[in-house]
Each structure stands twice: as C-alpha cells, then as structure tokens.
Amino acid sequence: MGKVYLEGQFQPIESAKISVLDRGFLFGDGVYEVIPVYGKKLFRLTEHLQRLENSLAEVRITNPHTRETWATLLTQLIEQNEGEDQSLYLQVTRGIAPRDHHFPDQSTPTLFMMSNPLVGTPETTLQSGIAAVTEIDSRWSRCNIKSINLLANVLHRQHAMDQGAKESILIRDGKVTEGAASNLFIVLQGETITPPKSPHLLPGVTRDLVLELAEQHQLPWREAAIPEQALQQAEEIWVTSSTKEIVPVTTLNQQPVGDGKPGPIALQLHQHLQTFKQQFRSN
Ligand code: PDD
C-alpha cells in the first residue's frame with residue numbers, strides 16, 4: 001500500500017487525518033489538480049502547475065510552494081507509490097479556522113496529495129464509445145477555477161449514471177460548455193470544434209494537447225461556441241480528461257451520434273495521443 005502526503009509528511013492513508021474545522025471540509029474552500037504520470041514521469045507538469053497557480057490566485061489562497069518544490073514533492077509521491085502509471089491528486093485548502101464565511105485572519109493552507117492507479121479508458125469502451133445525456137449546466141460562473149467544491153458536478157454525473165449514461169453534457173444559455181468532469185469536442189463537416197476558454201468551463205490540459213495534436217497533424221479545428229442544436233448535427237462527439245484521455249460519445253440522449261460508432265477523427269487523435277505518450281515515456 002502506498003503513501004499519501006499530508007501536513008508535510010508521507011504517511012499511510014489510514015493515519016492521514018484532517019481537522020473538522022478545515023475550510024475544505026466545511027466550505028469546499030480549496031482547489032485541486034489531477035496530474036497523470038506515465039513511466040513514473042509527470043505528464044504536462046508545467047501546464048498543471050500553471051492552472052493550479054491560476055486557481056489559487058482566483059480564490060486568494062497563498063501558493064504553499066514554488067514550482068521546483070511542487071516538482072520535488074510530486075516526484076517523491078510517485079516514488080512512494082507503486083506503478084509506472086499513476087494519477088496524482090493534490091488539493092490545497094484555505095486551512096483550519098473557526099467556522100465563519102470570511103477569510104480567517106491567519107490560516108495555513110492544508111496540502112493533501114495521493115496517488116491512484118491510472119486506469120485509463122478500456123479498449124472495449126474506446127471501441128463502443130459511451131452514452132451521454134444533455135443537461136442544463138447548474139454550476140456557478142467561475143468554472144475556470146478547479147475548485148474542490150464539486151457538488152454540482154457530482155449531481156450532473158449522477159444524473160447521467162441514473163439514465164444508464166456515462167457523462168452529462170452541460171448546456172448554458174443554449175450553448176454547450178463541457179462535461180461533468182471533461183471537456184467537449186464535436187466534429188462538423190470534418191472540422192473539429194471545441195468551445196473557447198471562458199469562466200464557464202475548465203481549461204483542460206488534455207483539451208489543449210488535443211488541439212496541439214490536431215494542429216500538428218493538419219486536422220482542421222477551431223474554437224467556437226457550440227449551440228445545443230449542433231450536437232444533433234455532429235458527425236462525432238468526444239470528451240477529454242487527464243484520466244480518461246479521449247472518449248468517443250456514440251449515443252446522445254438515446255440517439256446515435258453520426259453512425260453510432262466512434263468517429264475517424266476521434267480515433268486518429270487517440271492514436272496521435274498514444275504516440276505522443278510513448279515518446280514522452282522514452283525521452
Ligand atoms: N477532471 N472539465 C472538468 C469539469 C473536469 O473536472 C475535468 C477533469 C476536465 C478535463 O481537464 P484535464 O484535461 O485537465 O484533466 C474538464 C479531473 C480529471 C477530475 O476531477 O478527476
């Protein structure tokens with residue numbers, strides 16, 4: 001059994017305890033990151049640390065570490081856990097203080113980190129794709145912050161699961177934002193489209209990499225608002241995240257997407273991503 005990190009120490013998960021007065025526990029007052037590890041190496045570390053810095057600045061929590069220290073601690077976390085591939089979770093909360101909404105005069109941020117096995121998306125799921133449903137986006141208007149307060153996301157994901165689907169595709173003011181825990185892409189007339197970054201969606205690290213790969217391999221793409229109705233015309237729909245990579249959506253609200261099979265562009269990009277990861281492992 002591997003170790004987690006809390007209060008400056010690597011320790012067994014059973015001994016890692018936080019105060020009930022931690023503002024993460026009472027208010028969801030904190031932010032997090034999920035960083036994939038391939039071949040024991042941190043994937044897209046700079047991008048994840050940049051987003052963490054943005055999240056912390058947005059909620060005015062002091063960043064407890066420099067980029068160098070983050071890299072050292074995360075590398076130690078990898079070593080403390082088994083597996084070539086891991087999914088690292090880290091969260092920083094505003095810390096412990098008597099319960100009151102306003103910021104405490106003094107508090108030390110609480111840092112917790114753990115490693116989970118990086119399972120990825122099974123080959124069978126890639127071949128069949130997943131079912132998704134649409135739902136009105138019930139989240140706040142600062143979704144660019146990777147906040148640990150995920151209640152709306154939890155309810156959205158559960159709504160999908162309750163209908164036998166795997167992801168909820170969220171609609172705000174008639175336009176698609178993203179999935180409950182993923183970014184969203186469609187293909188229309190051969191062109192890959194994803195919504196532009198805004199406070200209504202999380203700037204996904206995988207999203208940016210997929211766009212980079214599309215550019216490198218001369219696949220036409222653009223960032224543009226996606227009206228809800230465009231989902232019905234889409235030849236392909238797929239969602240992306242650090243833990244699941246690129247997942248084709250083949251059924252939307254019980255209707256087939258395109259011909260009901262994972263589309264060629266999603267599969268090409270999936271292949272390019274595998275090659276990219278392979279090169280990263282061997283570098
Ligand atoms: N979630 N949008 C939301 C709302 C997310 O929660 C996530 C990822 C993404 C994709 O971001 P990235 O490509 O950087 O992983 C988009 C993580 C994996 C999670 O909460 O477990």
*Viscosity 0.890 mPa s, temperature 25 °C: Stokes-Einstein D of region 95-139 from its Kirkwood Cα radius, in µm² per second?*
152 µm²/s
*asked:* No solvent, one uniform scatterer per C-alpha: report log10 I(q)/I(0) for region 123-282 via the Debye equation at q = 0.21 1/Å, two decimals.
replied: -1.50
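So if I place +1 on the C-beta of Lys and Arg and -1 on the C-beta of Asp and Glu, and nothing else carries charge, what would the dipole magnitude of the chain be about its Cα centre? I want it in debye, nearest 20.
The calculated dipole for the chain is roughly 340 debye.
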_Among Ala131, Asn153, Gln91 the positive-end extreme of the charge dipole of the chain (Cβ point charges)_ = Gln91
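Two decimals is fine: what's Rg over Rh for region 213-283, C-alpha atoms, Kirkwood radius as Rh? Show your work: numbers first, answer last.
On the way: Rg = 13.7 Å, Rh = 13.6 Å.
Taking Rh as the inverse mean 1/r over Cα pairs, Rg/Rh reads 1.01.
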*Expressed as an acute angle from 0 to 90° and rounded to the nearest 10, what is the orientation of the C-alpha long axis of helix 205-216 relative to the principal long axis of the chain?*
40 degrees
*Report Rg (one decimal) and Dmax (nearest whole number) for the chain, counting Cα atoms only, units Å.*
19.3, 58
*Which residues make up the longest stretch of the chain clear of trypsin sites (Lys or Arg not before Pro) that lie in a DSSP loop with no more than 12 other Cβ atoms within 10 Å, not counting the sites?*
143-283
_Two-decimal log10 I(q)/I(0) for region 3-117, as the Debye equation yields it once each C-alpha is a single scatterer, q = 0.10, 0.15, 0.18 Å⁻¹_ = -0.29, -0.65, -0.91
_Positive-end extreme of charge dipole, the chain - chosen from Ser282, Gly30, Ser242 (charges on Cβ)_ = Gly30
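Please work out the average accessible area per residue across region 165-214, using the 1.4 Å probe convention, and give it in Å². Present the calculation step by step, with values, prior to reporting the outcome.
Details: 1480 Å² over 50 residues.
With all protein chains present, region 165-214 gives 30 Å² per residue.
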*Rounded, prolate or oblate: which fits region 103-178 when a ≥ b ≥ c are the square roots of the eigenvalues of the alpha-carbon gyration tensor, with rounded for a/c under 1.5 and prolate only if a/b beats b/c?*
oblate
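The values are calculated or read from the model by the stated rules, or taken from the named source; none is laboratory data. Being a predicted model, the structure only gives us computed values, none of them experimental. Counting neighbours? That spans all protein chains shown, and the Cβs are built from the backbone with ideal geometry, glycine included. Accessible surface areas use protein heavy atoms only, side chains included; no ligands, DNA or RNA. Shrake-Rupley method; radii C 1.70, N 1.55, O 1.52, S 1.80 Å.
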